[in-house]
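For reference, the structure is listed below as structure tokens.
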Amino acid sequence: MFEHLADRFRAQTGVDVRSDPMAAARIKEAGEVAKIELSTSTTTHITLPFLAGGPSGPLHLGYELTRTELERIVRPVIERCREPVLQAFHDANIEPNRIDRLVFVGGPTRMPMARAFFEELVGHNGETGIDPMECVAQGAAIQGGVLAGEVGAIVLVDVTPLTLGIETLGGVATPLIARNTPIPVKRSEIFTTAADMQTSVTVHVFQGERPMALDNTSLGQFNLDGLPPAPRGVPKIEVTFDIDVDGILNATAKDMASLRSQSIRITGSTRLPEAEKQRMIDQAQKYSEQDKKRREVAEKLNVADSVCYQAERTLADFGSKLSDDMRRRVETALREAREALSKRDVLLASQKADALKVVLQEAGQALYAQALQPGPQPRPDVGAPTGEARPTGSGPSGRVVDAEYREAGGNTR
């Protein structure tokens, strides 16, 4: 409205009042009054005497504004509400025509065009017995009573406006708390290290809907030091996000082995201005295809790096048990995959990683084949029947020989 009236005044007088704070404030006030009047009438007259000075004397603004012209001016603004409203329905997993009651809240919903827009969206008329201005104050008072513990019969649920998560390997945004999750809320997830003998990790907290952490809003970061040195993937680090009723986020990282922990306290993570929330959601929708491709690239490179790490561990643990030819094949495939990774060539890295997987499978089969082969058996005794003990008599070749012997009493046996 301000831009429209300023343009009209410049067209009439040739003077641009946008650089005059006093004149600009008067135009904004007049536009607000005109908008309110057109909610109940079809035309209004705007009069601003002595708005500016010119070569021939004072300059005045007089303009007849109709409701039709106002609706043409504000239509693009109201249409911007369509996407977030439909997104809210989608997130809640309900159809617009399933809404039972439509309640208008806030002064701008007094405009006939705004009411008609939402009534057309949900398919039926809105409530008329509720004052849009008074219900704002009533809702704020009830929420204050709930938070203070003075009101217990009513439960009001606040939600997180945007997704909260941390940055992981490759710059990927890994969410912990999804958008529109009721608060207070607490979520935990286990992560691990990306390199061998890593003694510290950096936890980078973000807010936003984009799949890459760099494109979202950074809320803060902290380091968890003192991790026991261990191979990649062995440490278990629990990251916890805890949002209280005031929207304050406490992010904590704890090593499950040493029980060392570190945390950060972030205030205002759920109190973004509406314009900023909408901007971030619009960007996520606008760049969704590009972001999808970038995330796929990062994930494919991460997969290739993981395969290379598996090959390195296989060579370190079982290299001595592999044949020379098999060991050379694994080393060659590993070297080619690492070279492709260093160039960040996604297609080549994926191809070399797949080839390395095939070689690793063959190496694994060879190792299992060696483990299942029978070992050397004891040599059987010649002349001894199977299952019988060998005689131990003193006769030739161990045969049993009958013999006579004399007892002390003289009797022969």
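From its DSSP helices (H runs of at least four residues, each -39,500 (n - 2.57)), the chain gives a residue-normalised ellipticity at 222 nm of -13500 deg cm²/dmol. Computed over segment 293-372, relative contact order equals 39 percent, with contacts defined as Cα pairs under 8 Å that lie 6+ residues apart. Legend: residue pairs 292/357; 236/352; 186/254; 300/343, Cα-Cα distance threshold 19 Å; pairs beyond threshold, 292/357; 236/352. Under the combined filter of DSSP loop state and at most 13 neighbouring Cβ atoms within 10 Å, segment 144-207 retains these GluC sites (Glu not before Pro): 150.
Charging the Cβ of each Asp and Glu at -1 and of each Lys and Arg at +1, and nothing else, the dipole of the chain about its Cα centre rounds to 1020 debye. Per residue, the average separation of C-alpha pairs within less than 8 Å and at least 6 apart gives the chain a relative contact order of 7 percent.
Of 145, 129, 208, the residue with the greatest mean-square motion in the GNM of the chain, using alpha carbon springs below 10 Å, is 129. Of all trypsin sites (Lys or Arg not before Pro) in segment 98-175, which ones are in loop regions per DSSP and have a Cβ with at most 15 other Cβ atoms within 10 Å? Hits after loop and neighbour filter: 101. Using every pair of distinct Cα positions in segment 2-77, the Kirkwood expression returns a hydrodynamic radius of 12.9 angstrom. Within segment 42-87, the ratio Rg/Rh, alpha carbon atoms throughout and Rh by Kirkwood, equals 1.28. Proximity of backbone amide H atoms, modeled 1.01 Å from N, is registered between residue 176 and 164, 165, 166 at under 5 Å, excluding neighbours fewer than 5 places apart on the same chain. Taking N as the residue count of the chain, its C-alpha radius of gyration divided by 2.2 N^0.38 Å amounts to 1.84. Listed values for segment 195-212 are Karplus-derived 3J(HN,Hα) couplings in whole Hz (6.51 cos²θ - 1.76 cosθ + 1.60, θ = phi - 60°), namely 9, 5, 6, 7, 9, 8, 9, 9, 9, 9, 8, 10, 9, x, 10, 7, x, 10, and x replaces Gly and Pro.
For segment 88-105, putting each phi into the Karplus relation 6.51 cos²θ - 1.76 cosθ + 1.60 with θ = phi - 60° gives couplings of 5, 4, 5, 5, 7, 6, 9, 8, x, 6, 8, 6, 7, 9, 10, 10, 8, 10 Hz, in residue order, rounded to whole numbers and with x for Gly and Pro. Put in order of Cβ neighbour count within 10 Å, fewest first, the listed residues 56, 200 become 56, 200. Springs between Cα atoms under 10 Å define the GNM used for the chain, and in it the highest mean-square fluctuation of 15, 234, 74 occurs at 15. The Cα center of segment 174-191 and the Cα center of segment 320-355 differ in position by 38 Å. Normalised by 2.2 N^0.38 Å, where N is the number of residues, the alpha-carbon radius of gyration of segment 1-138 equals 1.31. Between rounded, prolate and oblate, where does segment 92-148 land on the alpha carbon gyration tensor, with a ≥ b ≥ c its root eigenvalues, rounded for a/c under 1.5, else prolate if a/b exceeds b/c? The shape class here is oblate.
Taking amide H as placed 1.01 Å from N in the peptide plane, the amide H of residue 51 sits under 5 Å from that of 59, 60, 61, each at least 5 places away or on another chain. Relative contact order of segment 92-148, taken over Cα pairs closer than 8 Å and 6 or more residues apart, is 40 percent. Karplus-based coupling profile of segment 44-55, in residue order and whole Hz: 8, 10, 9, 10, 10, x, 6, 6, 7, x, x, x, with θ = phi - 60° in 6.51 cos²θ - 1.76 cosθ + 1.60 and x standing for Gly or Pro.
The numbers here are math on the coordinates, done by the rules we state, and not lab data. Since the model is a prediction, treat every value here as computed from it, not as a measurement. Backbone-built Cβ (ideal geometry, glycine too); neighbour counts: all protein chains shown.
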